[in-house]
Amino acid sequence: DQQVKQNSPSLSVQEGRISILNCDYTNSMFDYFLWYKKYPAEGPTFLISISSIKDKNEDGRFTVFLNKSAKHLSLHIVPSQPGDSAVYFCAASESGATNKLIFGTGTLLAVQP
Amino acid sequence: DAGVIQSPRHEVTEMGQEVTLRCKPISGHDYLFWYRQTMMRGLELLIYFNNNVPIDDSGMPEDRFSAKMPNASFSTLKIQPSEPRDSAVYFCASRPSRGPLTQYFGPGTRLLVL
């Protein structure tokens, strides 16, 4: 049973436009969420995180939104750049198990020049 | 600063053989994690250590899998005997005790069991 779901396996956007990647979760005990980016033949690299006490966190071109009532988070990339093309994973953890990150299956983002 | 180092980067072996994957965490990081990535199940936590002590191995799929951390700068994940369904990418990650919960991943070992 997938506790963290990324229902879109892939997404294609034009350079300069907004990329929106979505993630849903089922465990109401999750209170910390992260996004990782992964290039081929490399390990995932941390991108941005958000605690459940917030509903938005911004870092440069990247913004994560959290809707706790809907158990939904999204990652916005504005403006999208070809170098953003990668697989994006969302991950979640509970306060009592902060080291057990539960990952989604990933979304492949392709930014077209 | 060097990141998490994993070796080998690629491993091809035959069913029944022993496989040993190696990891050197980032210096000063007290937590070390082993993950497995497959197409079917995505990225799954297998086991993690704190200060060289295994804390949670509930993700280890079978007794064929074992992990050790003899010191703060080295860990191994061993599969004996290996099976074709063990083919996957295995990642090691580490993080410090204090600060954000961000885990830093190594480049992974791509394992193919024939």
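Values in this text are rule-based calculations from the coordinates and carry no lab data. Predicted model only: the values in this text are computed from it and were never measured. Positions of Cβ are backbone-derived with ideal geometry, glycine not excepted, and every protein chain shown enters the neighbour counts.
The figures follow:
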quantity	calculated
Filtered residue count, the stretch A:49-87, keeping only those that are in contact (Cβ under 8 Å) with a residue 40 or more places away in the chain and among the β-branched types (Val, Ile, Thr)	3
Among the residues listed as A:Glu42, A:Glu15, the single one being within 14 Å of chain B (Cβ to nearest Cβ) and either of a type outside the set (Gly, Ala, Ser) or more than 15 Å from B:Tyr104 (Cβ to Cβ) (or both)	A:Glu42
Any strands (runs of 3 or more DSSP E) falling wholly within the stretch B:61-114 and containing at least 2 residues that are exposed (fewer than 14 other Cβ atoms within 10 Å of the Cβ) and more than 14 Å from chain A (Cβ to nearest Cβ)	B:65-71
Residue in the stretch B:48-56 that is buried (at least 16 other Cβ atoms within 10 Å of the Cβ) and either aliphatic (A, V, I, L, M) or part of a loop (DSSP other than H, G, I, E, B) (or both) present	no
Set A:Ser28, A:Ser8, A:Ser93: member being touching a Lys or Arg at 6+ places or on another chain (Cβ under 9 Å), over 25 Å from B:Gln6 (Cβ atoms) and hydroxyl-bearing (Ser, Thr, Tyr)	A:Ser28
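Conditions (1) among the basic types (Lys, Arg); (2) more than 10 Å from the chain's Cα centre (by Cα); (3) more than 12 Å from chain B (Cβ to nearest Cβ), marked per residue:
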position	(1), (2), (3)
A:Tyr36	no, no, no
A:Arg61	yes, yes, yes
A:Ser74	no, no, yes
A:Gly83	no, yes, yes
A:Leu109	no, yes, yes
A:Pro113	no, yes, yes
